[in-house]
Amino acid sequence: MLRGRTLDCECLLGPMHHPTPAPVLMRSWRFSYRASSAAWAEYWKPVPAPGWHDLLALTKREEATLEGDLHLFMTHLQYFKDVLALPRLQPSVVPA
């Protein structure tokens, strides 16, 4: 995948309601994209329903939050869409 070849940053991707355990030294990140557990489950279905199919659609539904330096996220948006959609190809990993 060549889309992310110029991307070099620390980002936080994960669940909205389960904060990441803090190590002794907090790691910094340029931006974060976090979604509810229900949103990830719907997003990772092989064929998500309308409104659950896209990262920005999840933020519009208020099922996800996008914070920080949005320039990096938007510049590499297709890369993040492709990477975060990978679990759709492995239905055994996606929660029912």
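The values are calculated or read from the model by the stated rules, or taken from the named source; none is laboratory data. These numbers were taken from a predicted model, which means no experiment stands behind them. Note that each Cβ is placed from the backbone with ideal geometry, even for glycine, and that neighbours are counted across all protein chains shown. For accessibility, only protein heavy atoms count, side chains too; no ligands or nucleic acids. Shrake-Rupley method; radii C 1.70, N 1.55, O 1.52, S 1.80 Å.
Considering segment 78-92 alone, what residues qualify as being open to solvent by 80 Å² or more (accessible area, probe 1.4 Å) and not in a helix (DSSP H, G or I)?
Answer for segment 78-92, where residues must be open to solvent by 80 Å² or more (accessible area, probe 1.4 Å) and not in a helix (DSSP H, G or I): GLN90, PRO91, SER92.
Looking across segment 53-77, just one residue is in contact with a Phe, Trp or Tyr (Cβ under 7 Å, 6 or more places away or on another chain), of a type in the set (A, V, I, L, M, F, W, C), open to solvent by 40 Å² or more (accessible area, probe 1.4 Å) and closer than 17 Å to MET16 by Cα, and that is LEU66.
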